[in-house]
1. Which residues, counting only those in the range 422-438, are assigned to a strand (DSSP E or B), open to solvent by 10 Å² or more (accessible area, probe 1.4 Å) and under 30 Å from residue 119 (Cα atoms)?
2. Regarding the range 147-159, can at least one residue be identified that is within 21 Å of residue 338 (Cβ to Cβ), part of a helix (DSSP H, G or I) and either open to solvent by less than 30 Å² (accessible area, probe 1.4 Å) or touching a Cys at 6+ places or on another chain (Cβ under 7 Å) (or both)?
3. Looking at the range 174-197 only, could you name the residues that are in contact with a strand residue (DSSP E or B) (Cβ under 8 Å, 6 or more places away or on another chain) and either among the basic types (Lys, Arg) or within 21 Å of residue 459 (Cβ to Cβ) (or both)?
4. Within the range 209-243, can you find the residues that are open to solvent by less than 10 Å² (accessible area, probe 1.4 Å) and within 16 Å of ligand 3 (Cβ to nearest atom)?
5. Take the residues in the range 307-320 that are outside any loop (DSSP other than H, G, I, E, B) and near ligand 3 (Cβ under 10 Å from one of its atoms); name whichever of them is most open to solvent (accessible area, probe 1.4 Å).
6. Considering only the range 50-75, how many residues are under 18 Å from residue 114 (Cα atoms) and part of a strand (DSSP E or B)?
7. Determine whether the range 33-47 contains at least one residue that is of a type in the set (Ser, Thr, Tyr), free of Cβ contacts under 8 Å to residues at least 40 places away in the same chain and part of a loop (DSSP other than H, G, I, E, B).
8. Go through the range 250-295 residue by residue and tally those that are open to solvent by less than 20 Å² (accessible area, probe 1.4 Å) and of a type in the set (D, E, K, R).
Amino acid sequence: MKIKALQTKAHTEVLVINKFENEKTSSELVNTYVVEKDKFEGKFGQTYLIHTLGKEEADKILVVGFGKREEFDDNKMREAVSKAIKKLNQIKAKNAIFDFDVNCDYGKSAAIGAMIADYAYDKYKSEKVHHLDEISFTKFSQEEIDKGVIFGEAMKFTRDLANTPAQIATPAKLAEIAKSFNGIETKIYEKEEIEKMGMGAYLAVGQGSVNTPRFIHMKYTGMNPKKRIAIIGKGICFDSGGLDIKPASSMLTMKDDMSGAACVLGVMQALVKLKPEIEVHGIIAACENMPSGSSYKPGDILTAKNGKTIEVDNTDAEGRLTLADALCYACELDVDEVIDIATLTGACMVALGTVASGIMGNNEQLIKDLIKTAESSGEKYWQMPMFKEYFNSMKSDIADMKNTGSRYGGASAAGLFLQNFVTDNVKWAHIDIAGTAYLEKPQNEFIAGATGAGVRTLLNYVTK
Ligand code: BES
Ligand code: MG
Ligand code: ZN
């Protein structure tokens, strides 16, 4: 789908207009038949489609409710455009012009909304989903639309990758993708080099699979970088649970356990197009968590890169083991901030559902900034507590810590576990997207499957 800015209104298949509550629309036809006769109020998200019977330049007019003018913002614009796109695809429209009665340049949000709603994962379907060919917006600049398209493409990239079956999206595949980015410096470490780096926690997780691990380090360097940031994505290409194997129903969606990695890859490829003045390191400790004769076992003691020892209490708490070594690695890069994003705990999903991601860390300002950026990006982050008591049950008699403890407070406990691998002088935030990265049912503008969680927020954060 092409998205363009348009100077003059032209003939089109569908003209999309808006109606604010208690205001008239820009079309007399709509005012007479839809608003007066049919009492269309324009409550936010309502839609109404009419045929013009040749009375207007367009064959059809789609009216979208914008709610109250004073409550309208970028998030509402994104949602409204999403609603319209779903409707347009439903009626199999090919072209549409959006002529909204607004005075702000909402081009970025509008383009993101259009691309989220137009997304389908039909690569393996014989019958393909219908897509619009081209949409245009009369009120927005091409510059803002283009920015939105870059964000939309990044989300699509991440969603496609997280939706890809684990048989294809292996650690080697993620490495190959990272290598393919122009304008990004990428170093891939294979098993022997990972051993040399002393990443005993990460290696243990991957040792049960025939698909060997790849440690991926990407680097984007903008002009005159003002800040240096590392973003780490959990890259478990499949989480069977390992020897502490998951029940079938819990394993069903575990190809998505590399959603954090997919997010980081999506962000890195977009940075080259957005060219922000910043240095960003994208880090992924990719591997598979599988049960086999060579798997790591409950009771094993692992030594992470920073020398700390971990007694394996449960092989299904594997993400934190891979992140432990990735965090050590990132802290050695001498960056100002480290942000990790991970489908880390079912507990976070129990606490916040599929609506919000959990966030914690060692720096209140960084956490606040990310929460705020998320809100304006259309995502929701909710801070989880880091009370030291959550760590009590992870104390080990024979090692520095265990990888799991109590059944309760699991999202916070995982955060405290990770903190052991972060150097105190580095600002660190951890985002748990276990609930938000992958939907089993459609939600808002998203179809079921991968959502691209984190992409918009991290892109806005690193480009602001
Ligand atoms: N990948 C899972 C977390 C997860 C659960 C992600 C549901 C998405 C949806 C993680 O590796 C895991 O298995 N966590 C365990 C930890 C437990 C063994 C302490 C969990 O949450 O059950
Ligand atoms: Mg697990
Ligand atoms: Zn996992």
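1. Just the residues of the range 422-438 that are assigned to a strand (DSSP E or B), to begin with: 427-432, 438.
When the remaining residues are screened for being open to solvent by 10 Å² or more (accessible area, probe 1.4 Å), the result is 427, 438.
Across the range 422-438, the qualifying residue is only 438.
2. Initially, the range 147-159 is screened for residues within 21 Å of residue 338 (Cβ to Cβ), giving 154, 158.
Next cut, part of a helix (DSSP H, G or I) only: 154, 158.
Adding the requirement that they be either open to solvent by less than 30 Å² (accessible area, probe 1.4 Å) or touching a Cys at 6+ places or on another chain (Cβ under 7 Å) (or both) leaves 154, 158.
Checking the range 147-159: at least one residue is within 21 Å of residue 338 (Cβ to Cβ), part of a helix (DSSP H, G or I) and either open to solvent by less than 30 Å² (accessible area, probe 1.4 Å) or touching a Cys at 6+ places or on another chain (Cβ under 7 Å) (or both).
3. Once the filter is applied, which keeps residues that are in contact with a strand residue (DSSP E or B) (Cβ under 8 Å, 6 or more places away or on another chain) and either among the basic types (Lys, Arg) or within 21 Å of residue 459 (Cβ to Cβ) (or both), the range 174-197 yields 174, 178, 179, 181, 183, 184, 185, 186, 187.
4. 213, 232, 233, 234, 235, 236, 237, 239, 240, 241, 242
5. Just the residues of the range 307-320 that are outside any loop (DSSP other than H, G, I, E, B), to begin with: 309-311, 319-320.
With the extra rule that they be near ligand 3 (Cβ under 10 Å from one of its atoms), the set shrinks to 319-320.
Details: 319: 2, 320: 23 Å².
By that ranking, first place goes to 320.
6. We begin by selecting, within the range 50-75, every residue under 18 Å from residue 114 (Cα atoms); these are 61-66, 72-75.
Pick out the ones that are also part of a strand (DSSP E or B) and you get 61-66.
Residues flagged as under 18 Å from residue 114 (Cα atoms) and part of a strand (DSSP E or B) within the range 50-75 amount to 6.
7. Filtering the range 33-47 for residues of a type in the set (Ser, Thr, Tyr) gives 33, 47.
If we keep only those that are free of Cβ contacts under 8 Å to residues at least 40 places away in the same chain as well, we get 33.
After this cut, where a residue has to be part of a loop (DSSP other than H, G, I, E, B) as well, the list is none.
No, there is no match, as no residue in the range 33-47 is of a type in the set (Ser, Thr, Tyr), free of Cβ contacts under 8 Å to residues at least 40 places away in the same chain and part of a loop (DSSP other than H, G, I, E, B).
8. Total meeting the criteria: 4.
The values are calculated or read from the model by the stated rules, or taken from the named source; none is laboratory data. Everything numeric here is computed off the predicted structure, so don't read it as measured data. Don't worry about glycine lacking a Cβ; one is built from the backbone with ideal geometry, like all the others, and counts go over all protein chains shown. Each accessible area value is taken on the protein alone, full model and side chains, heavy atoms only, with ligands, DNA and RNA left out. Shrake-Rupley method; radii C 1.70, N 1.55, O 1.52, S 1.80 Å.
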